[in-house]
Amino acid sequence: MSAIDMTKQADKAASTGESSPWYWIPTVYIAEGLPYFAVNTLTVLMYHKLGIGLKEMAFFTGWLYLPWVIKPFWSPFIDLFKTKRFWTLSMQYGMAIALALIGFMLPTPFFFTVTLVLFWLTAFFSATHDIAADGYYMIVLPPHRQAAFVGIRSTFYRVASVLGQGGLVMFAGYLENRYGNIPNAWSAVFIIIGLLFLGIAVYDTRFMPVSNDDRPRPGVTARTILHDFADTFFTFFQKKGIVTAIMFMLLYRLPEALCIKLVQPFMVSPLSEGGLGLTTAEVGFANGTVGVIALLTGGIIGGIVISRNGLKKWLWPMAMSLTLPCILYCLLAMFQPSDFSVVCAAVGVEQFGYGFGFTAFMMYLIYFCRGENQTSHYAFCTAFMALGMMLPGMIAGWVHEKLTPLNIFDLSIPQGYVNFFWLVILCSLATFAVCARLRIAPEFGKKIK
């Protein structure tokens, strides 16, 4: 269906009083994406700028992944009462309050403990919002319209990515430079995010349609949910090749899981501490614009080549593209280039490789979950995916601290980041090891001619 056709349908829906998907899908999926990036990306840079040590920052922000790890365990209970629309809107209002409170708490002396609790609540609300919003999408829209709008929802999720990793970081950097007060700058950013979410919640309350099909499932009780969950749980762990699959989910992204907690602190750390000495705004531009564009491009190309030749043929090239570009961070740490375009180019290449390589990961999850209970089994896979990001990220700061005293390369700068990024490269061996154990049908992923 073309954009023109969907626009005509939107006009027709408006004239008959029906709420068109164009009215609510953009805001719902911005609300789905923005908290994820705020919790897992903005916190890393913000706490580092506020003086929290790398070890503490990585460990405590790593715990913020937990709601996404455990969400399969409470997602079935959302069907017990109220509607998906109710849960979606309630979580949006909850996130608005939590994010605004974070903004008000940041200038206080006890900001670290209080904001961590609020970020964890935001993460819990966000994970619940993911469950409810995706369920609402499938209930309200018939299958043909779900297919027509799947690209739209993905686009606005990526808009949230650009906003969360780019626009908001650049705005925080602007406020830092203009007023010279880092806590107040980040406080303003989160108060604005809270107000934005409040606006989205009020808007969606008006435009998300009420559906007769969106109601608690009849005959569903806590007992039946527990029985169904136990059945799904045991059938998942009885699938053929489950041990290899879990190891793949946990280790394929190990280099990225270690990197993600220290890349931004590395970029803003002074040259004398082994960093690149970039401003907050420059980091926002490099990651949120150049990086996101490269990431999307890599993902699109990855999907195209798999559809032509299948996952099995492209697994190894994608695994290497995911891991080997990390060497660029090693080189940046060793040579500390002053040319900002060089940094942007390195970020672009690394993010393109990640987008290209991540395609293989997601396709394998789909491959492994084929058969009965596919949707429920996929939820377990995404939980393991989040766990694979959470655990390495929690120890990244500690690893950096232990590697800092080692003068391996005889450089005139502290070598904590240099040594850390070389360790990340060595961790690619774990990625290659789990790939070697996979058995994938040659035809999987190929477009049927």
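Structure above, values below:
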item: Complete set of residues in the range 283-318 that are open to solvent by less than 10 Å² (accessible area, probe 1.4 Å), closer than 25 Å to HIS48 by Cα, out of contact with any Lys or Arg (no Cβ under 9 Å at 6 or more places or on another chain) and among the aliphatic types (A, V, I, L, M); result: VAL283, ALA286
item: Counted residues, the range 319-333 - those being open to solvent by less than 10 Å² (accessible area, probe 1.4 Å) and among the β-branched types (Val, Ile, Thr); result: 1
item: Residue under evaluation GLY416, criteria (1) modelled with pLDDT of 90 or more; (2) open to solvent by less than 30 Å² (accessible area, probe 1.4 Å), criterion not met; result: (1)
item: Tabulated pairs, the range 166-185, first closer than 18 Å to ASN287 by Cα, second of a type in the set (S, T, N, Q) and open to solvent by 20 Å² or more (accessible area, probe 1.4 Å), C-beta under 7 angstrom, 6+ apart or interchain; result: GLY166/ASN287; GLY166/THR289; GLY173/THR279
item: Residues (without any contact (Cβ under 8 Å) to a residue 60 or more places away in the chain and acidic (Asp, Glu)) located in the range 337-395; result: ASP339, GLU350
item: Filter result for GLU273 (buried (at least 19 other Cβ atoms within 10 Å of the Cβ), of a type in the set (D, E, K, R) and in contact (Cβ under 8 Å) with a residue 12 or more places away in the chain); result: no
item: Pair list, Cβ < 9 Å and 6+ apart or interchain, from the range 70-81 residues that are in contact (Cβ under 8 Å) with a residue 60 or more places away in the chain to residues that are open to solvent by 50 Å² or more (accessible area, probe 1.4 Å) and aliphatic (A, V, I, L, M); result: PRO76/LEU226
item: Single match in ILE78, ILE52, ILE70, ILE102 (criterion: β-branched (Val, Ile, Thr), open to solvent by 50 Å² or more (accessible area, probe 1.4 Å) and touching a helix residue (DSSP H, G or I) at 6+ places or on another chain (Cβ under 9 Å)); result: ILE70
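The values are calculated or read from the model by the stated rules, or taken from the named source; none is laboratory data. Just so it is clear, the structure is predicted and the values come from calculations on it, not from any experiment. Here the Cβ is made from the backbone with ideal geometry for all residues, glycine too, and neighbour counts use every protein chain on show. Accessible surface areas use protein heavy atoms only, side chains included; no ligands, DNA or RNA. Shrake-Rupley method; radii C 1.70, N 1.55, O 1.52, S 1.80 Å.
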